[in-house]
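Here is the structure we will look at, set down as structure tokens.
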Amino acid sequence: MVDVIAEDKDEQMVEFAMGGICNCCLDRQNMAYLLENDCIQFTVKCLSSSNEETVLSAITTLIYISTPDSKKAITADSIVDLMKRFSVSSSKRLSNLATVFLEDVCCLMVEPPPKKMRVETSDDEVDTEKGKEEEGKAKVVEEEGNVEGEKEGEKESEKKEVEGDGSKHAAEESGEKREQKKE
């Protein structure tokens, strides 16, 4: 497997070899063999692969082979910088695994990137980066649509009214606002 990674140009063969090494390196004897044979160097080489599965196996391998003796080589600045870039990747698997590497191996706390938020009100939507809220019933919603928080002062009964059969209430309120705008 080590030879395949070091010498083979076939991406699929490298993917399977890196996956096999990742699976084998939890065994102490295999880990010792890999560390003695410069596993870190060819694993780092796989971090630049265009195949995401190869990169994921390489990151996992680096996490698994992190020991007090190998930690200095594994946490080299170039690797940490690469993991920081991976941690903000659009691929959730890649960003989560890179974050685990940074937090567990490097002992770095990773701040998640700010999420774009929007405010929903009963009559319109307003995009905002900071989640500013408008008057009236409003919810701060993450871009994916999950509720992040709700406007202060909104009572539990008001939430049920808006979420439950409050569609009638919201429609009436919206109609009242339209009439006020006409005047």
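The values are calculated or read from the model by the stated rules, or taken from the named source; none is laboratory data. Nothing here was measured: the structure is a model prediction, and the numbers come from that model. Don't worry about glycine lacking a Cβ; one is built from the backbone with ideal geometry, like all the others, and counts go over all protein chains shown.
One residue alone among Ser78, Ser87 is modelled with pLDDT under 95, small (Gly, Ala, Ser) and farther than 21 Å from Ile21 by Cβ, and that residue is Ser87.
Restricting Ile21, Ile79, Ile40 to those that are β-branched (Val, Ile, Thr) and over 22 Å from Leu108 (Cα atoms) reduces the list to Ile21. Of all residues in the range 50-92, those being assigned to a helix (DSSP H, G or I) and among the small types (Gly, Ala, Ser) number 4.
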